[in-house]
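Undergrad: Structure in structure tokens, see below.
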Amino acid sequence: MYKIMFSAGETSGDMHGANLAKAIKEIAPNTYLFGFGGPQMEAAGVTLCKNMLDYSVMGFWEVLINLRKMFKLKDFLVEEMKRQKPDLLVLIDYPDFNWRLASEAKKLNIPVFSYIPPSAWAWRKGRAKKVAKIADKIVAIFPFETKVYEEAGADISFVGNPLLDNVKSSMTKEQACKFFNIDLTDDNILLLPGSRKQEIEKMLEPMLEAGKIISKERKNVKFFLPVAQGIDGKRIEAKINESGLNVTLCYEKTYDLMNCCDFAIATSGTVTLEAALMGLPCVVLYKMSSFTYRIAKLFVNVKFFSLPNILADEKVLPELLQDDVNGERIADESRLLFKDTETAQIVKDKLGQIKLKLGSPGVAERTAKIILQTAEKFLSKNKE
């Protein structure tokens with residue numbers, strides 16, 4: 001029986017971890033899975049030592065002020081490694097925390113598997129060498145990630161993007177419209193403020209301001225907002241009520257909702273790629289603290305910040321950053337994406353081309369096999 005420890009600190013990592021856990025259990029049912037993760041991982045059979053929902057922070061400044069809490073978490077998980085002696089530590093994204101944990105694992109002679117490695121292709125390229133020294137095996141989820149790690153001497157593979165396994169409708173478009181009470185002749189706009197409390201605090205207000213501007217210009221506009229798991233819907237509802245904009249909150253079947261809407265106004269992140277896979281154009285937004293932004297400008301070297309644009313290597317989706325994240329600018333960009341515009345169809349065609357770059361479905365199963373092979377490899381070594 002294998003004993004595998006997971007560490008995932010974000011909503012997307014929780015989803016990926018859950019898929020890996022299910023796939024591992026199907027291949028090797030007696031495998032014991034435990035570690036740091038969220039509700040989806042727990043539901044998939046991972047015994048949680050700590051719940052990530054209690055530790056979700058973003059940005060340089062925000063991480064700094066939570067350092068003591070994060071160090072205590074790391075120390076706790078190191079003690080769990082010592083106590084439970086896993087055959088393998090599987091890191092899922094969450095780089096600033098996870099690679100500190102990985103360094104401790106190596107001291108304990110626990111092999112490290114990295115799923116979704118740090119974005120060395122975008123910034124801090126030197127860390128690819130550090131990661132290569134610590135990670136025994138790396139699986140990337142984007143084809144453009146492998147080069148910098150191969151050059152650093154890492155054992156890295158690209159087996160496809162895990163979203164291909166998840167992002168799909170559960171009903172027909174007609175059924176989904178009935179479920180959400182959507183009339184396709186209306187302008188149906190999806191608001192995606194993010195899955196973290198900090199993102200919602202920064203992004204929801206300008207989205208609502210843009211919604212009010214759009215509502216004055218278009219007669220039959222409806223707004224929908226899917227509430228991420230672990231987020232307080234009442235807090236979001238209160239902010240919406242303060243704005244005076246009519247927004248329907250939804251708590252399930254987000255991909256079916258995407259399939260019914262014309263476009264989204266979205267905070268940059270995994271959700272923009274999920275929308276792209278559903279053929280849904282987005283106005284992509286990102287706003288961070290001024291301190292974090294100043295630091296990022298010094299170190300990050302990318303042409304675009306949204307995943308669909310990075311994959312396409314061109315500006316397929318409009319992007320708004322920092323001070324441009326305001327109601328007027330969002331409304332300006334939104335005008336180009338209504339279904340009656342030529343731009344909307346061009347964007348949808350290009351989103352289809354982006355999907356082809358991400359591989360084929362079955363990613364979780366392929367990755368699970370590599371995880372188990374890695375665990376077996378080191379178990380065999382230790383027995384020699």
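Undergrad: Which percent of the accessible heavy-atom area of the chain goes to carbon and sulfur, probe 1.4 angstrom?
TA: That share works out to 49 percent.
Undergrad: Given a 1.4 Å probe and the protein chains all in place, what does the accessible area of LYS355 round to, in Å² to the nearest 10?
TA: 90
Undergrad: May I pose another question? Ignoring ligands, DNA and RNA, how do GLU274, GLU150 rank by accessible area with a 1.4 Å probe, largest first? Can you show the working numbers first?
TA: Numbers: GLU274 25, GLU150 105 Å².
Of GLU274, GLU150, the descending order of accessible area is GLU150, GLU274.
Undergrad: What is the list of residues in the range 186-225 whose amide nitrogen lies under 18 Å from a point 7 angstrom out from the Cα of ASN241, following Cα to Cβ?
TA: 205, 208, 225
Undergrad: Just how much of ARG235 is accessible, in Å², when a 1.4 Å probe is used and the result is rounded to the nearest 10?
TA: 110
Undergrad: Here is a further query. What base-10 log of the normalised intensity I(q)/I(0) is obtained for the chain from the Debye formula, alpha carbons as equal point scatterers, at q = 0.15 Å⁻¹?
TA: -1.43
Undergrad: How about LYS178: which lysines have a C-alpha closer than 17 Å to its C-alpha, ignoring those fewer than 8 places off in the same chain?
TA: List returned: LYS222, LYS253.
Undergrad: For the chain, what's the relative contact order in percent, using C-alpha pairs closer than 8 Å and at least 6 residues apart?
TA: Values: 682 pairs, mean separation 63.9, N = 384.
With pairs under 8 Å counted, the relative contact order is 17 percent.
Undergrad: Note down the net charge around ALA21, summing +1 for each Lys or Arg and -1 for each Asp or Glu among other residues with Cβ under 11 Å from its Cβ. Kindly include the intermediate steps, with their values, before the conclusion.
TA: Numbers: positive: LYS22, LYS25; negative: ASP14, GLU26, GLU42.
With Lys, Arg at +1 and Asp, Glu at -1, the net is -1.
Undergrad: Do any of LYS72/LYS106; LYS212/LYS287; LYS72/LYS137 go past 23 Å between their Cα atoms, and which?
TA: In this structure, LYS72/LYS137 lie more than 23 Å apart at Cα.
Undergrad: Next up: If you rank SER380, SER114 by how much accessible surface each has, with a 1.4 Å probe, what is the order from largest down?
TA: If we order SER380, SER114 from most to least accessible, we get SER380, SER114.
Undergrad: OK, next. Mind checking the full-extension length gain between ASN109 and ASN51? Use 0.36 nm per residue of separation minus the Cα-Cα distance, one decimal, nm.
TA: Values: separation 58, 0.36 × 58 = 20.88 nm, distance 2.53 nm.
Roughly 18.4 nm would be gained on extension.
Undergrad: Among ILE346, ILE214, ILE236, determine the one that fluctuates most according to a GNM of the chain built with springs between C-alpha atoms less than 10 Å apart.
TA: Fluctuation is largest for ILE346.
Undergrad: Ordering SER334, SER195 by how much accessible area each has at a 1.4 Å probe, largest first, what is the list? Provide the component values of the computation, followed by the final result.
TA: Numbers: SER334 0, SER195 40 Å².
The ordering from most to least exposed comes out as SER195, SER334.
Undergrad: If we count every other residue with Cβ under 12 angstrom of THR374's Cβ, Lys/Arg +1 and Asp/Glu -1, where does the sum land? Numbers along the way, then the final one.
TA: Values: positive: LYS137, LYS369, LYS377, LYS381; negative: ASP87, ASP136, ASP155, GLU376.
Surrounding charge for THR374 is 0.
The values are calculated or read from the model by the stated rules, or taken from the named source; none is laboratory data. Here the structure is a predicted model, which means the values were calculated and not measured. Glycine gets a Cβ as well: all are built from the backbone with ideal geometry, and neighbour counts include every protein chain shown. For the accessible areas, the whole protein counts, side chains as well, though only heavy atoms, and no ligand, DNA or RNA atoms are used. Shrake-Rupley method; radii C 1.70, N 1.55, O 1.52, S 1.80 Å.
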